[in-house]
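*Asks:* Here's a structure for you.
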Amino acid sequence: MKNPDSERVLRAVEMAKKAHDGQFRKTGEPYIVHPLAVKKILEEWGMDEDTIIAGILHDTIEDTPLTLNDIKQEFGESVAFLVDGVTKLSTARNGMRDIDTYLPETKDNFLRLMIALGSDIRVLIIKLADRLHNLRTLSALPPDKQKKIAKESLEVFAPLADRLNMGLLRVEMADLAFKYVDPRRYEQLKNLIERYNKSAAKSLQKIEEEVSEALRKEKINFTISGRVKSVYSLHKKLAKHNQNMGEIYDLTALRVIVDDITDCYLTLGVIHSLYTPMGGRIKDYIAMPKQNGYQSLHTTVITKDKRVVEFQIRTKEMHEYAERGLAASFYYNEQKVTENYKKGKIEHLPTNLLWITELQTTAARLREGKKVDLKKLKLNLFSDKIFVYTPKGDIIDLPVGAMPLDFAYRLHSEIGDHVVGVKINGKMSNMNKKLEQGDIVEILTSKNQTPKISWLDRIITPHARQKLLRALKLRPSENETSIPPLKKK
């Protein structure tokens, strides 16, 4: 936004101050500190004026006497629409009591969440700014609240930021949350990264100088800088490689920003002329962008002193989009994008964000009272999650690879303990079958059935495992055999 302190924005600040007067945060600060922090974050992301005003007023409908009509009269329909969307999103979220059932457990909550997001994607951006500031001030809350909000942020909001390719937000949000979810592991990995960076500093400086000299000879305009892997990203990568640090090649990477795509490939050639590229470690995300629109060239090389280094090569625009994602679209083409949202037009979104089109179309149909087949809606917001359905239409989210017993114990331990069979999409199926996105799952039970130790091989979720072990411990005769460890995925 060209003028963050415009007359409208200042009026919104005054309205929020008056509405929140006498209210305080857990930090002891006046409540207005929070909406002003959200305002600043949205300004940093380059959001349009209506979004910033809605960010300032996002908590007023829920927490103050101010009405939606008051906001509409003062700032217009667009701002009121955004504030209403954030309020609906908060209402939907309030019905999701525990993180394990946070993602909508019932159709009503799912529809409310989808309508709130689908009506205008700026609602989601405001919510992400709101959550980021809450995470930055999480230390003021009691430990149980800290962990609940942190886990929710790690499993829900950080993946949403990633889906919008808001890389800087995802990294900050995930690291802030992980610090509270697993503080000991966080400190261990943070210290490991710091030690590695200290030992690699001189070597990386030499590599940076060599690459810079070679690029200058080729008359390529560039900037080069180091990129340190985030704590949570390292945690996830180590889990993927059985905690083997020898498999982590991108703990520190060098990032080269150039003027255009041609220079990206020329730079790749220069780097490969200096160092030996590792086979299978060259990735062209420019020709084939990631699902969220991320573009860059990645290559991992072995230097003359046998150090393994990753390079990321991209244009300035690619870099801006990698850091700020959808928010960068507003920054580069604010008027066009904002006007399209106001007019309800969505065809001008970047191609990689066309999934938003499907979401908005579905939301519009729901608001009109039309029937929608939710099973055909491919949100793809959570790549490690699947949505499956009960015969009554309730939605249950499970990790990829979950099996019928995971589903049964998610419904209720009494159902899980008495499973005798399963129907998937109306047909009898095997208890070892992995559930898939959109499956309708019907659990068959019998009062005569009892839990078996062999069932441990047919579950992957900690929740189901805990419920099953608890049931087995209540049956001494079944416990003579040792219980096998949880299998690694």
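The values are calculated or read from the model by the stated rules, or taken from the named source; none is laboratory data. Note that this is a predicted model, so its numbers are computed, not measured. Cβ: placed from backbone, ideal geometry, glycine included. Neighbour counts: every protein chain shown.
*Asks:* Please determine whether any residue of segment 274-281 is in a strand (DSSP E or B) and either in the same structural domain as S230 (by TED's automatic domain parsing) or touching a His at 6+ places or on another chain (Cβ under 7 Å) (or both).
*Replies:* Checking segment 274-281: at least one residue is in a strand (DSSP E or B) and either in the same structural domain as S230 (by TED's automatic domain parsing) or touching a His at 6+ places or on another chain (Cβ under 7 Å) (or both).
*Asks:* May I pose another question? Is it the case that segment 42-55 has a residue that's of a type in the set (F, W, Y), within 20 Å of L138 (Cβ to Cβ), modelled with pLDDT under 90 and assigned by TED's automatic domain parsing to the domain that holds L141? Spell out how you get there, then give the answer.
*Replies:* Within segment 42-55, the first condition is being of a type in the set (F, W, Y), and the residues that meet it are 45.
Cutting the leftovers down to within 20 Å of L138 (Cβ to Cβ) gives us none.
So far as segment 42-55 goes, no, none of its residues is of a type in the set (F, W, Y), within 20 Å of L138 (Cβ to Cβ), modelled with pLDDT under 90 and assigned by TED's automatic domain parsing to the domain that holds L141.
*Asks:* Here's a follow-up. Just the residues that are within 24 Å of E320 (Cα to Cα) and out of contact with any helix residue (DSSP H, G or I) (no Cβ under 6 Å at 6 or more places or on another chain), please, taken from segment 229-248. Working first, answer last.
*Replies:* Just the residues of segment 229-248 that are within 24 Å of E320 (Cα to Cα), to begin with: 229-234.
Residues satisfying the conditions are K229, S233.
*Asks:* Let me ask something else about it. From the list I53, I41, I32, which one is free of Cβ contacts under 8 Å to residues at least 24 places away in the same chain and in contact with a helix residue (DSSP H, G or I) (Cβ under 6 Å, 6 or more places away or on another chain)? Don't jump to the end; show me each part of the working.
*Replies:* Working: I53 fails: free of Cβ contacts under 8 Å to residues at least 24 places away in the same chain; I41 fails: free of Cβ contacts under 8 Å to residues at least 24 places away in the same chain.
The match here is I32.
Each row is one residue, and each column tells you yes or no for (1) β-branched (V, I, T); (2) in a loop (DSSP other than H, G, I, E, B); (3) modelled with pLDDT of 90 or more; (4) not assigned by TED's automatic domain parsing to the domain that holds I53.
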{"site": "Q73", "(1), (2), (3), (4)": "no, no, yes, no"}
{"site": "D84", "(1), (2), (3), (4)": "no, no, no, no"}
{"site": "A92", "(1), (2), (3), (4)": "no, no, no, no"}
{"site": "R97", "(1), (2), (3), (4)": "no, yes, no, no"}
{"site": "L111", "(1), (2), (3), (4)": "no, no, no, no"}
{"site": "G118", "(1), (2), (3), (4)": "no, no, no, no"}
{"site": "K127", "(1), (2), (3), (4)": "no, no, yes, no"}
{"site": "E155", "(1), (2), (3), (4)": "no, no, no, no"}
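*Asks:* V211 fails exactly one of the following numbered conditions: (1) surrounded by 17 or more Cβ atoms within 10 Å (Cβ to Cβ); (2) of a type outside the set (D, E, K, R); (3) modelled with pLDDT under 95; (4) closer than 29 Å to K190 by Cβ. What is the number of that condition?
*Replies:* Looking at each condition in turn, V211 falls short on (3).
*Asks:* If the requirement is being farther than 17 Å from S225 by Cβ and either of a type outside the set (A, V, I, L, M, F, W, C) or assigned by TED's automatic domain parsing to the domain that holds L204 (or both), which of these qualifies: T300, T315, T267? Quick ask: steps written out before the conclusion?
*Replies:* Numbers: T315 fails: farther than 17 Å from S225 by Cβ; T267 fails: farther than 17 Å from S225 by Cβ.
Matching residue, one of T300, T315, T267: T300.
*Asks:* Within 30 Å of the chain's Cα centre (by Cα), modelled with pLDDT of 65 or more and farther than 29 Å from R170 by Cβ - does that describe any residue in segment 468-488?
*Replies:* no
*Asks:* A further question follows. Among the residues of segment 1-51, how many are acidic (D, E) and not in a loop (DSSP other than H, G, I, E, B)? Before you say what the answer is, go through the steps one by one.
*Replies:* Of the residues in segment 1-51, the ones acidic (D, E) are 5, 7, 14, 21, 29, 43-44, 48-50.
This time we only want the ones that are not in a loop (DSSP other than H, G, I, E, B), so: 7, 14, 43-44, 49-50.
Adding up the residues that qualify gives 6.
*Asks:* Identify all residues within segment 447-467 that are modelled with pLDDT of 85 or more, surrounded by fewer than 18 Cβ atoms within 10 Å (Cβ to Cβ) and part of a helix (DSSP H, G or I); write none if there are none.
*Replies:* Keep residues of segment 447-467 that are modelled with pLDDT of 85 or more, which gives 447-460, 464-465, 467.
This time we only want the ones that are surrounded by fewer than 18 Cβ atoms within 10 Å (Cβ to Cβ), so: 447-450, 452-454, 457.
Within segment 447-467, I453, S454, D457 meet the criteria.
*Asks:* Now, a different point. Just for segment 288-345: of the residues that are of a type in the set (D, E) and more than 26 Å from the chain's Cα centre (by Cα), which one is modelled with the lowest pLDDT? Show your work before the answer.
*Replies:* Looking only at segment 288-345, we keep the residues that are of a type in the set (D, E), and these are 305, 310, 317, 320, 323, 334, 339.
If we keep only those that are more than 26 Å from the chain's Cα centre (by Cα) too, we end up with 305, 339.
Working: D305: 83, E339: 48.
The qualifying residue modelled with the lowest pLDDT is E339.
*Asks:* Report those helices (runs of 4 or more DSSP H) wholly inside segment 157-262 carrying at least 3 residues which are farther than 30 Å from D130 by Cβ. So that I can check it myself, show each step before the final result.
*Replies:* Working: elements: 158-163, 167-181, 183-217, 231-240.
The helices (runs of 4 or more DSSP H) meeting that bar are 183-217.
*Asks:* Take the conditions modelled with pLDDT under 90 and outside the structural domain of H319 (by TED's automatic domain parsing) and apply them to K148. Does it pass?
*Replies:* So K148 fits the description; yes.
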